[in-house]
Amino acid sequence: MDLNVIDLFSGIGGFSLGLHNSDPRFKTIAFCEIDPFCQKVLQKNFSGIKIYDDIKDFKNTEPAFLICGGFPCQGFSQAGLQRGTKDDRYLWGEMFAVIKQVKPRWIIAENVRGIVTTQDGLAFDTVHSDLESENYEVRAFNLPACGKGAWHRRERIFFIANLSDTNERDAQARCERQRRVRKESEGERISSDASSLRETLSNTSGFRLSPKKRDEELERKRFSFKNNERGRSEGEHATKSWWETQSELRGVPYGVSTAVDRNRVNRLKALGNAVVPQVVEEIGRAIIKAEFING
């Protein structure tokens with residue numbers, strides 16, 4: 001049984017790669033990506049899958065089990081002006097329109113940590129209220145890349161939503177959930193009643209290190225990695241962790257090839273916007289567990 005996936009704001013395909021690696025039943029049926037370089041990467045690595053240019057023109061007639069996407073983060077990023085929902089690139093409304101059209105069973109939406117605090121969390125609350133208005137139960141998680149062993153924090157907020165079997169709404173529980181996620185943005189671990197997801201996803205021991213301790217740990221790993229490289233034969237290369245097989249300077253996401261274009265600016269921009277596939281892979285496994293094992 002195929003679990004059809006619609007991948008919005010697809011970038012270089014990190015969401016689809018992670019989901020495909022988590023379970024072979026996940027099958028991407030459509031991408032939506034406006035950047036020409038990223039489209040080339042998608043065409044190379046996911047040949048034969050339709051790519052829509054603009055989410056405002058997205059039309060889909062096939063049912064989907066899951067919709068995923070990292071809607072544009074420029075309005076919430078510390079590198080920008082943090083105009084939030086007033087930013088012209090704020091496209092949660094367009095993603096939500098696709099969700100209402102398709103009505104998938106599961107949703108994964110991703111953005112930077114700033115979505116929790118910019119405009120006093122307006123967009124963060126809007127994502128929850130919009131999805132709940134369509135009968136979805138929503139949980140938000142702060143999942144940093146270091147939670148999967150990476151050498152950098154790369155904190156990202158993941159909204160994970162499941163189509164509810166009931167129309168009941170619990171405003172008090174929703175406010176409590178939002179309060180906990182706001183605390184997570186300041187460095188505290190989320191305590192959610194979605195225990196199965198929490199157990200699988202919240203391996204964030206690296207995230208909880210103090211900045212000084214974290215820097216010391218990263219330097220130790222780099223030093224160890226360089227020494228091991230000097231004495232490692234080619235036959236031993238396969239025993240390295242998947243983080244260690246990547247370039248220290250360029251931070252290439254494991255399994256996501258961007259070699260189709262040698263333009264360094266395009267490459268770095270695509271990598272900077274990419275979701276970490278290994279984090280999505282854990283989410284995919286948790287969804288499979290919740291849907292087919294625990295259920």
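Only the coordinates and a few stated rules stand behind these numbers; no lab work does. Note that the coordinates shown come from a computational prediction; the quantities given were computed from them, not determined experimentally. Because the Cβ atoms are built from the backbone with ideal geometry, glycine has one as well, and the counts that use them run over all protein chains shown.
For first residues located in region 1-28 and surrounded by fewer than 22 Cβ atoms within 10 Å (Cβ to Cβ), partners that are acidic (D, E) and not in a strand (DSSP E or B) and lie 6+ apart or on another chain with Cβ distances below 7 Å form the pairs N4/E62; N21/E281; S22/E281; R25/D2; K27/D2.
Within region 46-70, being crowded, with 16+ Cβ neighbours inside 10 Å and out of contact with any helix residue (DSSP H, G or I) (no Cβ under 8 Å at 6 or more places or on another chain) holds for Y52, F65. The set of residues from region 113-137 being touching a Phe, Trp or Tyr at 6+ places or on another chain (Cβ under 9 Å) and either among the basic types (K, R) or without any contact (Cβ under 8 Å) to a residue 24 or more places away in the chain (or both) comprises just one member, R113.
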